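The numbers here are math on the coordinates, done by the rules we state, and not lab data. Nothing here was measured: the structure is a model prediction, and the numbers come from that model. All Cβ positions, even for glycine, are placed from backbone atoms using ideal geometry, and neighbour counts span all protein chains on display.
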């Protein structure tokens, strides 16, 4: 093809596009180089090492909650691991609680009971419009600090105690032979999954409906129960008991963790409640009417028609709320719960001064969690889009 | 309006009928009603007792509050100057007053329906106001210099929120356009920028600003400035996604029509696409502002005193430390934040309705 109209090369679209992009790359490169040179210069002047060698140095500080063995002689690398695990445990517990509260409040908003609907609405409007940090402060400084001391603890029987040092729960203690019980339980769960898949295949092929719930429950519970009876019940509980001025034994949830989990869960639940309400309201009314016309009971309509369709709308925004909760758990630093930001980007940074490496690692951890979640979301969206028609 | 469309009104049910229908239609429903009444009783009654009946209302120090079981309101009343103005010089507080009053007037002008001249006022609020407010608050041009270390309280909260809003809108629009660009480098940089900030918590961005900006800039950076930069970058990434949502909702015909008119890219965007996209995105933009306003409280984590930070610091002051001081402070801060966020969310809801009405034929 010959170009009959002669556009000078510098006015051609391709040239212009290339020039814009080259300029952008050059500008970014210059800014990054300038920042890099400045940083190198400042670090040299302040005698701060660079590189990731510090991860093998001794940390020398204690951490109030560790899920893996840790003491003052452990390395900064270990601190990083402890911080990540503490972040993940708060996120996991928070997500479970937020989901339960969120679904209850969300369904409550649609209740035919006027008072319950108003109450659920008020919950959402109050919690959603208050800063999360305020709520964390409220639970930590105003509620948990005001609890009685260990000697006047609130107790539930002789098993669970709540005081200003934390929540004391019975701790499971495994004895020899527990491995077999765990094995039996795992086998039971595998069997239940196999049974469910088989039942679904049968239903899809022949239309014959087989009870899944009862059979699965039996498969999970019975073998584990029989094996533990044979091994003379190898699981006992260590109960917390008052000894002197404090409790001993059992398992303690620190006030920092409690305040953080409660604040994160109740705050995120207000968003989840709105998602659940929108999801259920989003199912067309004709679906309920069609289910009624087919003679499905109220429970069947809910279980087989409404919930599967509502979930399709609920799960994508729900996942991003889970992600928000995980990111918001970084507010832990404000009440000194030892999460990733608190022990790593806080204490470790102030001890080593290696800001660039530490902030980069911290951000990389959160970015990895975010990217994994959005990868799951893309897979899920593609999955439901395929089965839609 | 077609008046005949509406079905005839049903006769109003009497109060007893209403109760039976809405609260006691079945045994389960009645149980729920009792549960709800119990929840209300166990939350509202103790709160009112604490906040009003048992509260201390007058006094000048912690001793005046120790005698009462309820809220310690003298703490808020005596400290209100610090809560609003931070450590701003008492003789100069009128400057903050002017900045806040102009802000309130501007916002009222922009949000009240049927007030003319929204466009020029909006443009002034986004361009001239921030600059004027900066000189008014920081000093210069004949006004006494007030260092940013004295800024704090409600004023600091508004400064951070307004800077976030003013900076994030243009940056967010540019990023959103960049993300939809045909140029792979522009698109790549935009995606990387947006996803980086959206993937990490604001706390880490603030830590980065506080610890890394001084390294990169090679000098001691003003603490308030670094917090403002962090908030602006962070909220720009979220704003970009909201604007992108608005851009995606514009029918393709609009782009094609702009092309057919021979409009160059920037003119097409500025005069055809963006006005429509921003209008569509307005409820979500306001929603973003609510999140931003709530997030301003995080600056207390890097040692700045916003509304929450100054109340928190004040409640641990030995002059006021009493069992109820912290709770009183939180309730006060909560009411202030709640009033602002709730009215913004109501406004967003109202705009949704207005936009939906505009779409209806």
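Before moving on, here are some points about what is shown:
- Between residue A:235 and residue A:315, the simple label model (points 7 Å from Cα in the Cβ direction) yields a spacing of 2.9 nm.
- Calculated [θ] (222 nm, deg cm²/dmol) that DSSP helices of n ≥ 4 give over chain B, each run adding -39,500 (n - 2.57): -23000 deg cm²/dmol
- Highest-MSF residue in chain A out of A:349, A:169, A:225 [GNM, Cα springs under 10 Å]: A:225
- When shorter helices are ignored and each DSSP H run of at least 4 residues is given -39500 (n - 2.57), the per-residue value for chain A at 222 nm works out to -20500 deg cm²/dmol.
- Whole-Å distance, taken between Cα centres, linking segment A:334-389 and segment A:36-85: 18
- On the basis of the beta-carbon distance and an R0 of 25 Å, residue B:31 and residue A:118 show a calculated FRET efficiency of 0.90.
- Shape call, segment A:213-366: gyration tensor on alpha carbons, a/c limit 1.5: oblate
- Counted by neighbouring Cβ atoms within 10 Å, the residues B:64, A:71, A:339 run from fewest to most as A:71, B:64, A:339.
- Most mobile of B:338, B:73, B:27 in a GNM of chain B (Cα contacts under 10 Å): B:27
- Span from the segment A:109-155 Cα centroid across to the segment B:57-112 one, whole angstrom: 26
- The slack between residue A:202 and residue A:187, meaning 0.36 nm per residue of separation minus the straight C-alpha distance, is 3.2 nm.
- Segment residue A:383..residue A:75, full-extension length gain: 106.6 nm, with 0.36 nm per residue of separation and the alpha-carbon distance subtracted.
- Shielding by partners - mean other protein chain Cβ count within 10 Å, residues of B:191-204: 6
- Take every pair of alpha-carbon atoms less than 8 Å apart whose residues are at least six positions apart; their mean separation over the length of segment B:174-306 yields a relative contact order of 26 percent.
- Modelled label positions at residue B:354 and residue A:145, each set 7 Å beyond Cα in the direction of Cβ, lie 4.4 nm from each other.
- Distance between modelled label sites at residue B:107 and residue A:281, nm, 7 Å Cα→Cβ extension: 2.6
- Gyration tensor (alpha-carbon) shape descriptor, segment A:309-353, a/c threshold 1.5: prolate
- Result for chain A in a Gaussian network model with C-alpha springs under 10 Å: among A:362, A:347, A:301, the largest mean-square fluctuation is at A:301.
- Taking 0.36 nm per residue of separation and subtracting the current Cα-Cα distance, fully stretching the chain between residue A:62 and residue A:154 would add 30.2 nm.
- Inter-chain shielding of B:145-158 (mean C-beta neighbours from other protein chains, 10 Å cut-off): 0
- Ranked list, fewest to most other Cβ atoms within 10 Å of each Cβ, for B:317, B:182: B:182, B:317
- Cα gyration tensor, the protein assembly as shown - rounded (a/c under 1.5), prolate or oblate: rounded
- For segment B:258-337 versus segment A:224-268, the gap between their alpha-carbon centres in whole angstrom: 39
- Taking every residue in A:335-345 and counting other chain Cβ atoms within 10 Å of its Cβ, the average works out to 1.
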